[in-house]
Amino acid sequence: MILTFFGTVWWLVGSVVLDGSARTAALVSGAVLAAALFVLAARLDGTGGREAYERSARTFKWSNVGQGVGIVVVIVVGNITGGYSWIPALIAIVVGAHFFPLARPFGRLEYRWTGSLLIVVGVAGCAMALSGASESGVQTVAGLGSATVLWATTVWHLVSGVPDRSTPRQQSADTGS
């Protein structure tokens, strides 16, 4: 549910700067997809979530604190320097980086792919900003790209189900490896 929610936020970020019928189409298609993912994710939400959270609460907390600080720094520096077009791309990189420490304790090694792809989206946005692309262009790429990555991760979770209750580190200890 969390990935679907933030995917929807990113979709809105990328869609609102589009013009005319493109904006309408993006907003409507995003709303339909988000609604479908919320309904499907609600079935999976809560299954194994408590154990995963208990196992990873400290890492989850500090990863999100780091992400929050990183986002604030990006916004403040972007506003001070006038580098507004860089902000969404750099935020995508910060959000991507925050997934790496969450992979192992949540038993979701695919978070490494999620983080990597979000960083790729952010780097693409930074390359656009560096080349002089418009703020709205960078925002569209960062927003729609990040939404796609987060929603794809949601779909992966729906298809793959709940991870094993033990982390890979615990599995190694249990098998004597």
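The values are calculated or read from the model by the stated rules, or taken from the named source; none is laboratory data. Just so you know, these numbers come straight off a predicted model, no measurement behind them. Note: ideal-geometry Cβ built from the backbone for every residue, glycine included; neighbour counts use all protein chains shown. Ligands, DNA and RNA are excluded from the accessible area calculation, which covers all protein heavy atoms including side chains. Shrake-Rupley method; radii C 1.70, N 1.55, O 1.52, S 1.80 Å.
Observations, loosely collected:
- Computed accessible area, Tyr84, all protein chains, 1.4 angstrom probe, square angstrom: 100
- Estimated from helices alone, the mean residue ellipticity of the chain at 222 nm is -27000 deg cm²/dmol (sum of -39500 (n - 2.57) over DSSP H runs with n ≥ 4, per residue).
- For Leu158, solvent-accessible area (1.4 Å; no DNA, RNA or ligand), Å²: 50
- Point-charge dipole on Cβ atoms (K/R +1, D/E -1) for the chain, about Cα centre, debye to 20: 360
- Kirkwood-Stokes translational diffusion coefficient of segment 60-165, alpha-carbon pairs, 10 °C, 1.306 mPa s, µm²/s: 112
- Computed FRET value (nearest 0.05) for Leu158 with Thr81, which takes r as the C-beta separation and R₀ as 35 Å: 0.30
- Long hydrophobic helices in the chain, taken as whole DSSP H segments with a C-alpha length of 15 Å or more on their own axis and mean Kyte-Doolittle hydropathy at least 1.0: 2-15, 20-44, 87-99, 111-130.
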